[in-house]
1. What is the antiparallel percent of DSSP beta bridges lying wholly in the chain, to the nearest 5?
2. Can you tell me the relative contact order of the chain? Whole percent, Cα pairs under 8 Å, sequence separation 6 or more.
3. With charges only on Cβ, +1 for K and R and -1 for D and E, what is the dipole size of the range 215-293 about its Cα centre, in debye, rounded to 20?
4. Tell me, how many Å apart are the Cα centres for the range 153-201 and for the range 102-125?
5. Where is the GNM fluctuation largest for the chain (alpha-carbon springs, 10 angstrom cutoff): ALA296, ALA129, ALA207?
6. In debye, nearest 20: dipole of the range 1-91 around its Cα centre with unit charges on the Cβ of K, R (+) and D, E (-)?
7. With every protein chain present, what is the per residue accessible area of the chain (1.4 Å probe, Å²)?
8. From the residues GLN259, THR227, ALA278, which one has its Cα farthest along the dipole of the range 215-293 in the positive direction, the dipole being from +1 and -1 charges on Cβ of Lys/Arg and Asp/Glu about the Cα centre?
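The values are calculated or read from the model by the stated rules, or taken from the named source; none is laboratory data. Bear in mind that the values here come from a model prediction, so they are computed numbers and not experimental data. Because the Cβ atoms are built from the backbone with ideal geometry, glycine has one as well, and the counts that use them run over all protein chains shown. Heavy atoms of the whole protein, side chains included, go into the accessibility calculation; ligands, DNA and RNA do not. Shrake-Rupley method; radii C 1.70, N 1.55, O 1.52, S 1.80 Å.
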Amino acid sequence: MSEQKKVIFSGMQPSGVITLGNYLGALKNWTNLQDEYNCLYCIVDMHAITVRQDPAVLRKNSRDLLMLYIAAGLDPEKNVIYMQSHVSGHAELAWILNCFTYMGELNRMTQFKDKSQKHSDNVNVGLFAYPALMAADILLYQTDLVPVGVDQKQHLELARDIAIRFNNTHGDTFKVPEPYISKVGAKIMSLQDPTKKMSKSDEDTNASVSILDDPDTIVRKFKRAVTDSDTVVRFDPENKPGVSNLMTIYSVATGMTMQQIETEFEGQGYGSFKLKVAEAVVEELRPLQDKFKQLAKDKTYIDTIIKKNAETANYLAAKTLRKVQKKVGFVPISR
Ligand code: TRP
């Protein structure tokens with residue numbers, strides 16, 4: 001990794017196949033960052049076990065996510081795509097940062113409140129300390145920029161507060177990260193409730209499109225997409241959220257402007273419009289799906305990538321971790 005470039009760090013939970021929303025909103029654009037920045041994409045399996053996981057499913061989801069990143073065009077030679085649990089520095093730094101994080105701060109986290117309601121039979125310490133581990137993820141690599149959605153902004157804010165607090169106590173140690181706001185990248189909404197973001201955890205399976213859905217499934221889901229009682233294809237997110245969402249998807253997939261799309265579908269009903277959007281999505285995902293299938297057959301290659309990237313991440317993490325351990329007063333092992 002080159003020293004001069006800024007560091008971008010992002011984490012994604014290995015909880016099932018990612019959606020068209022994740023892809024068009026984030027992943028697809030990350031391929032444009034790989035030359036300008038040093039990018040780390042961490043598959044956060046340690047965060048995942050804050051709620052109960054089936055081990056076999058977690059293992060599969062983690063490998064699949066790594067393959068999806070590569071299939072989406074992230075070059076595993078240029079980006080560090082790795083498993084969080086392969087770098088013990090995440091857990092070690094998280095412990096130290098736990099001691100710089102207040103109960104009150106963690107208690108205020110809206111994700112903790114939501115998840116402890118949803119998993120009321122298992123409100124474990126890991127779920128509570130989740131944001132401190134996330135801060136460790138970010139701070140371990142002297143990250144400059146973190147691409148986050150609104151749901152993770154509060155966690156990033158806390159990571160900044162923790163970094164500043166540590167720096168104030170022990171002197172300059174961590175870079176204080178900033179959110180990365182992408183210039184491109186669309187916000188894709190649920191197909192069933194277009195006022196909500198498309199989410200893989202949505203209970204309604206018609207609400208989101210997985211990037212590995214087969215063509216028939218994609219067509220079916222778009223046919224059922226919620227629109228409005230009007231019949232005009234017009235971009236108006238306020239009054240026509242469903243139609244506008246479909247237009248956004250179509251625009252990203254085809255490169256057409258909203259104006260061009262309005263013209264293309266003038267005088268046509270929603271039926272043919274929905275079908276056209278579905279077909280565009282099928283075409284958009286086809287190369288990615290082909291690549292994914294190909295990668296899935298090559299276990300040895302994927303194993304090599306996993307190993308190599310774990311080594312790179314460990315090497316980078318060790319630099320910050322040693323510095324932090326020294327600052328807090330841990331006795332170094334003489335070399
Ligand atoms: N908490 C994030 C999420 O659920 C995932 C995550 C973990 C993350 N560590 C991170 C995101 C560090 C950005 C940076 O989406």
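1. In the chain, DSSP labels about 10 percent of beta bridges as antiparallel.
2. Across the chain, relative contact order equals 21 percent.
3. So the magnitude is around 440 debye.
4. Value for the Cα centre distance between the two parts: 18 Å.
5. The residue with the greatest mean-square fluctuation here is ALA296.
6. It comes to approximately 220 debye.
7. The answer is 50 Å² per residue.
8. The one lying farthest along the dipole's positive direction is ALA278.
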